[in-house]
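All remarks here apply to the structure that follows.
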Amino acid sequence: MTGSAGLERESLADLRAQFRTEQIASWIAAAGVLFLALVYGEPWGAVLAVGIGLMAIVRLPAFPAVDRNDVVGAMWWEATGTWGIALIVVTLIPAALPMMVINLIGPLVSGALFLDARQLRRLVSAGVVVAVALGVLGFRSEGTGVEDAVPEWLFQVIMIVYLALHVVVMSALVGVANRVRLATLDAAVAANEALMRADADLRESRRRVISAGDQERVRLERNIHDGAQQRLVALAVQLQLTSQLARNGTPVKPEQLDAMHSESREAIDDLRELARGIYPSVLTERGLEDALRSVARRSPNPVEITYDRAVETCPEEAAAIYFICLAALQNVAKHAGPDATAQVTLSVRDRGLAVSIIDDGVGCDPTAIGRSRGVLNMIDRASALGGELTVDSAPDRGTRISMVLPDRSTANVDA
Amino acid sequence: MTDRMATVHATADVTVPISVFVVDDHPAFLRTAAFVIDATPGFALAGTAVSGTEALDSLTVRSDINLVLLDVHLPDLSGIEVARRRAEAGGTEVVILMSTTDRADLPGDALDRGVAGFLPKELLTTQALRAVWDDANGVS
């Protein structure tokens with residue numbers, strides 16, 4: 001499952017605690033055997049105790065392995081030590097073979113729980129070799145008769161306690177594996193939820209972008225219909241009338257011609273305003289700084305522009321910054337009050353771009369900011385370029401709009 | 001409809017001028033309509049309104065209006081709705097809808113209730129004015 005992928009910090013701590021319990025159990029066993037060897041004066045007992053202790057030492061590298069999140073390595077050290085004990089015990093006491101089967105199976109259970117399929121296959125192959133060795137030793141070894149040094153009932157009690165303890169140890173191991181599985185699942189669920197939230201945000205933003213585009217077309221249609229189109233219709237009708245009057249020999253009144261002239265001039269003005277609203281030609285022809293200065297000149301409120309010459313923008317960034325500043329300054333004109341002044345600042349920050357539009361006007365209720373369609377529009381424009389935009393305002397505290405666009409060379413990697 | 005109007009031969013009674021009321025929210029068109037009406041013999045501008053409700057208020061109290069040039073797109077009520085209400089109120093004036101919108105973009109039943117005809121704004125001429133009037137009065 002997580003053999004090579006590594007585990008969460010909590011799961012690693014769980015596994016480490018499990019290994020520590022097994023170490024303590026091994027040393028208690030070694031000490032117990034040594035005690036009995038001394039009590040009953042049996043040298044083979046001392047050999048057995050030393051063997052158990054050695055195998056506990058063999059398993060020690062499992063701790064640094066777990067600390068390195070090397071679960072595969074830890075499993076192999078554990079298996080080597082556990083199987084080593086079984087081989088030593090069966091060599092000295094062939095009658096203990098049935099009990100040692102649990103030593104054979106223990107590491108395989110751990111492996112099945114913690115290792116991926118490839119690693120598990122290698123562990124099982126090793127397990128088969130150990131099984132054959134245990135079987136051969138169990139059935140063929142003469143043994144040392146060390147178990148005969150203690151009363152038969154004591155030997156039986158030791159074996160039964162050994163079995164019972166191993167059931168507890170293996171259950172604890174399965175418990176650890178289960179917690180690891182749940183933790184992994186929780187992490188996956190949390191990641192999935194975060195992804196779904198991001199996806200929902202993206203869908204909502206995309207819907208707003210399309211809706212903003214549609215609303216813009218509606219606005220343009222109304223502007224064209226109410227502006228230039230009406231004036232041109234009026235002009236066409238008046239020209240037709242004038243031509244008819246002239247043909248009939250009726251003198252044309254100068255004020256009628258003046259009216260037509262003024263209709264045509266106003267139609268031209270309307271079209272110029274419309275064209276600038278669709279896309280400002282100054283932005284394509286003379287660049288962002290001039291376009292912003294042009295917006296500032298048309299603003300009814302004084303606007304100061306600070307433009308760091310190190311700022312470089314691609315066309316998408318220039319358009320986003322232009323339209324965000326335009327919307328912000330239109331908001332200043334509409335809402336900040338007649339005495340408000342505004343400052344627009346563009347600078348380079350962390351190889352990205354920082355833009356701020358700050359006014360000292362009447363400000364607004366901060367809770368209303370998030371509901372403003374204009375603000376959402378600005379946020380969408382900024383996030384479409386991988387940037388972030390925040391709006392701060394409070395009554396009588398003015399409004400501050402800050403936007404940061406990431407370094408373009410890394411923006412795609414981050415996003 | 002405009003083709004048909006073009007073939008109508010105008011024979012309006014010129015002794016009593018026909019009172020024309022113009023409803024449009026664009027001042028440019030109101031001025032222009034005034035020029036055309038002024039230049040059409042037998043027709044006189046009797047008043048203007050810049051919204052549907054203002055038009056309804058005026059038309060309710062004025063019995064001298066013979067012809068209404070009614071813009072479809074008004075800021076409050078649509079011209080179609082104004083015509084329908086006038087018809088329901090028993091108005092006898094001839095109502096001509098006008099618009100810069102294509103005829104095809106108007107509702108299919110735009111000319112059903114209380115409307116005598118449709119004239120694209122840019123086609124308003126002295127001849128067209130007389131033609132819609134004659135057409136609505138069954139003169140051919």
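Quick notes on this structure:
- From the list A:E78, A:E10, the lone residue that is crowded, with 19+ Cβ neighbours inside 10 Å, under 41 Å from the mean Cα position of the chain (by Cα), farther than 23 Å from A:V146 by Cβ and not aliphatic (A, V, I, L, M) is A:E78.
- Count - residues of segment B:112-131 that are facing chain A (nearest Cβ under 9 Å) and free of Cβ contacts under 8 Å to residues at least 24 places away in the same chain: 1
- Residues in segment A:13-36 that are closer than 16 Å to A:L54 by Cα, of a type in the set (D, E, K, R) and touching a residue at least 60 places away in the same chain (Cβ under 8 Å): A:E22 only.
- Among the residues of segment B:42-72, those that are surrounded by fewer than 18 Cβ atoms within 10 Å (Cβ to Cβ) and either part of a strand (DSSP E or B) or within 11 Å of chain A (Cβ to nearest Cβ) (or both) comprise B:A44, B:G47.
- Filter pass, A:I28 being surrounded by 14 or more Cβ atoms within 10 Å (Cβ to Cβ), at pLDDT 90 or above and of a type in the set (V, I, T): no
- Complete set of residues in segment A:281-308 that are among the polar types (S, T, N, Q), out of contact with any Pro (no Cβ under 8 Å at 6 or more places or on another chain) and surrounded by 14 or more Cβ atoms within 10 Å (Cβ to Cβ): A:S299
- Qualifying residue in segment A:389-410 (condition: more than 24 Å from A:E304 (Cβ to Cβ) and buried (at least 18 other Cβ atoms within 10 Å of the Cβ)): yes
- Segment B:19-32, residues that are touching a residue at least 60 places away in the same chain (Cβ under 8 Å) and at the interface with chain A (Cβ under 8 Å from one of its Cβ atoms): B:F29, B:T32
- If you check A:A149, A:A177, A:A183 for being crowded, with 17+ Cβ neighbours inside 10 Å, at pLDDT below 85, over 30 Å from A:D116 (Cα atoms) and not basic (K, R), only one passes: A:A149.
- On inspection, A:Q244 does not qualify as of a type outside the set (D, E) and buried (at least 17 other Cβ atoms within 10 Å of the Cβ).
Yes or no, residue by residue, for (1) within 14 Å of another protein chain (Cβ to nearest Cβ); (2) within 30 Å of A:A259 (Cα to Cα); (3) over 41 Å from the mean Cα position of the chain (by Cα); (4) free of Cβ contacts under 8 Å to residues at least 60 places away in the same chain:
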| site | (1), (2), (3), (4) |
| --- | --- |
| A:H166 | no, no, yes, no |
| A:V180 | no, no, no, no |
| A:L185 | no, no, no, yes |
| A:A194 | no, no, no, yes |
| A:L202 | no, no, no, yes |
| A:S205 | no, no, no, no |
| A:L232 | yes, yes, yes, yes |
| A:Q238 | yes, yes, yes, yes |
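- Qualifying residue in segment A:38-60 (condition: within 25 Å of A:A13 (Cα to Cα), part of a helix (DSSP H, G or I) and charged (D, E, K, R)): no
- Residues satisfying the stated conditions in segment B:79-109, i.e. over 24 Å from B:F35 (Cβ atoms), assigned to a loop (DSSP other than H, G, I, E, B) and within 14 Å of the chain's Cα centre (by Cα): B:G91, B:T92
- So A:N301, is it in contact (Cβ under 8 Å) with a residue 24 or more places away in the chain, assigned by TED's automatic domain parsing to the domain that holds A:R408, closer than 24 Å to A:Q215 by Cα and touching a strand residue (DSSP E or B) at 6+ places or on another chain (Cβ under 9 Å): no
- The selection criterion, being farther than 30 Å from A:E273 by Cβ and within 15 Å of the chain's Cα centre (by Cα), holds for A:A198.
- First in segment A:260-284 and within 13 Å of chain B (Cβ to nearest Cβ) and under 28 Å from A:V237 (Cβ atoms), second anywhere and surrounded by 13 or more Cβ atoms within 10 Å (Cβ to Cβ) and among the charged types (D, E, K, R), Cβ under 7 Å, 6 or more apart: A:E263/A:R231; A:E266/A:R231; A:A267/A:R231; A:D270/A:R231
- Test: B:V139 is surrounded by fewer than 17 Cβ atoms within 10 Å (Cβ to Cβ), more than 14 Å from every other protein chain (Cβ to nearest Cβ) and not aromatic (F, W, Y): yes
- Out of A:L202, A:L165, sole residue that is outside the structural domain of A:M100 (by TED's automatic domain parsing) and either surrounded by 13 or more Cβ atoms within 10 Å (Cβ to Cβ) or assigned to a helix (DSSP H, G or I) (or both): A:L202
The values are calculated or read from the model by the stated rules, or taken from the named source; none is laboratory data. Because the structure is predicted, anything quoted here is derived from the model rather than measured. Ideal geometry is used to build each Cβ from the backbone, glycine not excepted, and the neighbour counts take in all protein chains shown.
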